[in-house]
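Trainee: Have a look at this one before I ask anything.
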Amino acid sequence: MTSAMPGVPAACREWRENWPIVFTALLGNLLLSMPVLSMGAFMAPLEHRFGWSRAESAIGVSLYALVGAVTSPLIGVMLDKWGARRMVLPGIVLTGLIFALFATSNGSVAYWILLWLALSAANQLMITMVWSAAVSDVFIAGRGLALAVTFCGNGLAA
């Protein structure tokens, strides 16, 4: 049976040795997706609490997309130069700290925009491209399944 499927032992060995990287990448993608995907639940409370319009409440998601579109090429260069680990570790810490700062929102739209710009910049250090590179570096035979599990983090966040 093993001779008919020569890649199975290699894939099993990869999973046995590297499953923590896939699990971490899954959690990283979940963390990455959470702010944008959960924004809908906070729209009405923000509008009620601060008297904001729907546009003011939602401006962060637009900024998040804009920052991602502008910085993705730079992130690719940084990834090639420094590798995934040197990017995701500060990215996770910064994202967590900045996400916590959202609790200090005081009704100022300018402060809201600043928080979203900071979160967007920090999240770029751990975008899906970075997690994919980390997983692809250690998986060859089982790469497809490893990447599929990694991307499940985005789905779990949704």
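Trainee: Output the qualifying pairs, or none if there are none: Cβ atoms under 6 angstrom, residues six or more apart or on different chains, first residue in the stretch 8-33 and small (Gly, Ala, Ser) and part of a helix (DSSP H, G or I), second residue modelled with pLDDT under 95 and surrounded by fewer than 21 Cβ atoms within 10 Å (Cβ to Cβ).
Mentor: Correct list of pairs: ALA10/ALA141; ALA11/ALA141; SER33/ASN154; SER33/ALA157.
Residue by residue, here is whether (1) aliphatic (A, V, I, L, M); (2) touching a helix residue (DSSP H, G or I) at 6+ places or on another chain (Cβ under 9 Å) holds:
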residue	(1), (2)
ARG16	no, no
THR24	no, yes
GLU56	no, yes
LEU79	yes, yes
TRP82	no, no
LEU89	yes, no
LEU97	yes, yes
THR104	no, yes
SER120	no, yes
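Trainee: Regarding the stretch 126-134, can at least one residue be identified that is over 20 Å from VAL70 (Cβ atoms), open to solvent by 40 Å² or more (accessible area, probe 1.4 Å) and part of a helix (DSSP H, G or I)?
Mentor: Within the stretch 126-134, not a single residue is over 20 Å from VAL70 (Cβ atoms), open to solvent by 40 Å² or more (accessible area, probe 1.4 Å) and part of a helix (DSSP H, G or I).
Trainee: Shifting gears a bit: Give the residue that is least open to solvent (accessible area, probe 1.4 Å), with candidates limited to residues of the stretch 91-105 that are in a helix (DSSP H, G or I) and either farther than 11 Å from ASN123 by Cα or polar (S, T, N, Q) (or both). Please lay out each step first, then the result.
Mentor: Keep residues of the stretch 91-105 that are in a helix (DSSP H, G or I), which gives 91-104.
Still in the list and also either farther than 11 Å from ASN123 by Cα or polar (S, T, N, Q) (or both): 95, 97, 100-104.
Details: THR95: 2, LEU97: 107, ALA100: 64, LEU101: 76, PHE102: 37, ALA103: 92, THR104: 72 Å².
Once the filter is applied, the top-ranked residue is THR95.
Trainee: Same structure, new question: If I filter the stretch 36-61 down to residues being in a helix (DSSP H, G or I) and open to solvent by less than 40 Å² (accessible area, probe 1.4 Å), which single residue comes out as nearest to LEU117 (Cα to Cα)?
Mentor: Applying the first criterion (in a helix (DSSP H, G or I)) to the stretch 36-61 yields 36-37, 39-50, 54-61.
Next, from what is left, pick out any that are open to solvent by less than 40 Å² (accessible area, probe 1.4 Å): 39, 43, 46, 57-58, 60.
Numbers: MET39: 15, MET43: 18, LEU46: 18, SER57: 14, ALA58: 13, GLY60: 8 Å.
The extreme case among them is GLY60.
Trainee: Of all residues in the stretch 134-143, how many are of a type in the set (Gly, Ala, Ser) and more than 19 Å from the chain's Cα centre (by Cα)? Step through it out loud before you land on a result.
Mentor: Quick first cut of the stretch 134-143, residues of a type in the set (Gly, Ala, Ser) only: 134, 136, 141-142.
Then keep just the ones that are more than 19 Å from the chain's Cα centre (by Cα); that gives 141-142.
Within the stretch 134-143, residues that are of a type in the set (Gly, Ala, Ser) and more than 19 Å from the chain's Cα centre (by Cα) number 2.
The values are calculated or read from the model by the stated rules, or taken from the named source; none is laboratory data. These numbers were taken from a predicted model, which means no experiment stands behind them. Every residue, glycine among them, receives a Cβ derived from its backbone with ideal geometry; neighbour counts consider all protein chains shown. These accessible areas exclude ligands, DNA and RNA; they are computed on the full protein's heavy atoms, side chains included. Shrake-Rupley method; radii C 1.70, N 1.55, O 1.52, S 1.80 Å.
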